[in-house]
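The values are calculated or read from the model by the stated rules, or taken from the named source; none is laboratory data. Quick caveat: nothing in here was measured; it's all calculated off a predicted structure. Cβ atoms come from the backbone with ideal geometry, glycine included; neighbour counts cover every protein chain shown.
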Amino acid sequence: MGHQSPHYLKLKGKTYYFSRRVPKAFQKHSNCSRIEICLHTSLESKALRQASLLAQELDDQWSILRRRERNDRIVRIFGSEGVSSSALTSVVGRGPKLTEGLEVYLRLKGVGRPDTFEAGARRSIGYLLEVSEDKAIDTYERKDANALREYLKSRGLAKESIVRNLTNVRAVINFALREHGLPTNSAFSGVYLGEANAPKKRYVPAALELGKLQEICRTQDDELRWIIGIIINTGMRLAEVVGLSKDDLFLESDIPHLKVVPRPWRRLKTSSSERSIPLVGVSLWAAQRASEASENHFVFPKYCNEKKTLSNSASAALNKWLQHKINDRLVIHSLRHVMRDRLRNIECPVDIIDEIGGWSRGTIGDNYGLGHSLAVKYKWLSILLH
């Protein structure tokens with residue numbers, strides 16, 4: 001005899017099975033009254049995760065069947081008056097409601113993503129629900145997308161923010177449609193937002209400004225200035241820096257360096273982002289000072305914890321300070337861009353530049369070999385100091 005446990009689990013011997021009764025209304029579709037699937041594990045925690053996913057998938061499928069049966073009933077009622085099945089489907093729809101589709105999207109796509117991923121998706125869907133009802137996702141039309149565009153404009157959102165929200169809505173709807181075996185919806189694609197403006201040229205600090213910035217950082221000597229110091233001679237992304245742990249620092253090595261690796265609290269942007277970077281000049285000084293000052297295993301504990309990195313908070317504080325002290329057009333990401341220019345100007349080979357900054361060129365050769373040694377990267381970074 002198997003032992004029935006919560007969450008549709010049944011233990012037979014040492015192996016867990018998923019076991020769930022099929023509602024009477026759907027037994028005609030499955031030809032059975034109970035679904036039982038071997039999970040091939042004796043670990044309850046693993047079995048619970050698998051059972052939870054299976055249960056949700058069944059709920060999604062049964063939800064589709066309910067809608068299809070409801071549509072069929074409507075067709076039978078109005079068919080004699082000439083109402084076609086296709087016409088009713090365009091109104092009632094075959095897919096889940098928008099809010100249901102959002103939960104499917106977050107449950108499957110949100111695994112391992114930062115909190116901002118879920119917040120952004122919920123915010124964008126919330127905007128759409130301000131101008132449209134919560135209806136089947138395959139029934140949204142261009143008029144809904146246009147209404148969302150006008151609503152976002154009325155809130156004073158920048159064009160880039162409107163594009164991002166439309167992209168989020170499109171991603172949620174089309175992912176949920178694919179999960180339910182339905183054609184994707186193009187209503188939120190190519191929404192007109194006015195003629196494109198010429199892209200703004202990013203401000204790049206001059207050598208004198210970089211020199212002044214390094215002097216101020218050494219003088220002020222605190223957490224935010226250490227973040228800037230590390231970026232100046234490494235070109236790292238802000239999230240990469242604030243997400244550092246002391247395990248990533250190798251300050252006593254023959255060539256002092258740090259490693260950028262994936263962490264539970266900080267994902268990397270691309271596979272090329274994982275790398276080792278020698279520390280020279282102000283970057284070595286800043287890494288040493290930050291490591292000495294931190295009282296836990298995070299290098300910047302104010303902006304990082306076990307769950308996430310707070311790079312947006314750090315960015316706001318850094319940009320405000322940079323624009324006040326150095327130049328009103330300077331932002332922290334400018335230091336990453338100028339790093340590439342500085343390496344170009346000393347004729348550093350492009351593949352070494354890409355390795356130092358974690359840039360991907362998208363060529364087949366990028367995946368071959370282990371890359372350049374620390375000594376080679378150190379040689380070129382040292383030239384920057386002269």
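Select from region 253-300 the residues that are of a type in the set (Val, Ile, Thr) and closer than 14 Å to ILE356 by Cβ and list them in ascending order. Write out each step before concluding.
Kept after step one, since they are of a type in the set (Val, Ile, Thr), are these residues of region 253-300: 255, 260-261, 270, 277, 280, 282, 299.
Answer for region 253-300, where residues must be of a type in the set (Val, Ile, Thr) and closer than 14 Å to ILE356 by Cβ: ILE255, VAL260, ILE277, VAL280.
Mind checking whether some residue in region 314-322 is of a type in the set (D, E, K, R), out of contact with any strand residue (DSSP E or B) (no Cβ under 6 Å at 6 or more places or on another chain) and touching a residue at least 12 places away in the same chain (Cβ under 8 Å)?
Of region 314-322, the ones of a type in the set (D, E, K, R) are 320.
Imposing the further condition that a residue be out of contact with any strand residue (DSSP E or B) (no Cβ under 6 Å at 6 or more places or on another chain) reduces the set to 320.
Now restrict to residues that are touching a residue at least 12 places away in the same chain (Cβ under 8 Å): none.
No, region 314-322 contains no residue that is of a type in the set (D, E, K, R), out of contact with any strand residue (DSSP E or B) (no Cβ under 6 Å at 6 or more places or on another chain) and touching a residue at least 12 places away in the same chain (Cβ under 8 Å).
Check whether at least one residue in region 138-157 is surrounded by 13 or more Cβ atoms within 10 Å (Cβ to Cβ), touching a residue at least 24 places away in the same chain (Cβ under 8 Å), of a type in the set (A, V, I, L, M, F, W, C) and within 18 Å of GLU103 (Cβ to Cβ), and report yes or no. Looking through region 138-157, none of the residues is surrounded by 13 or more Cβ atoms within 10 Å (Cβ to Cβ), touching a residue at least 24 places away in the same chain (Cβ under 8 Å), of a type in the set (A, V, I, L, M, F, W, C) and within 18 Å of GLU103 (Cβ to Cβ). The sole residue among ASN185, ASN233 that is touching a Leu at 6+ places or on another chain (Cβ under 8 Å), of a type in the set (S, T, N, Q) and modelled with pLDDT of 90 or more is ASN233. When GLU209, GLU252, GLU240, GLU215 are checked against the criterion of being over 30 Å from SER132 (Cα atoms), part of a helix (DSSP H, G or I) and without any contact (Cβ under 8 Å) to a residue 40 or more places away in the chain, a single residue qualifies: GLU215. Condition check for ARG68 on (1) charged (D, E, K, R); (2) under 27 Å from LYS307 (Cα atoms); (3) at pLDDT below 75: one failure, at (2).
For (1) modelled with pLDDT under 95; (2) over 25 Å from the mean Cα position of the chain (by Cα); (3) not assigned by TED's automatic domain parsing to the domain that holds ARG107, each residue gets a yes or a no:
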| position | (1), (2), (3) |
| --- | --- |
| ALA176 | yes, no, no |
| GLY211 | yes, yes, yes |
| ARG218 | no, yes, yes |
| ASP222 | no, yes, yes |
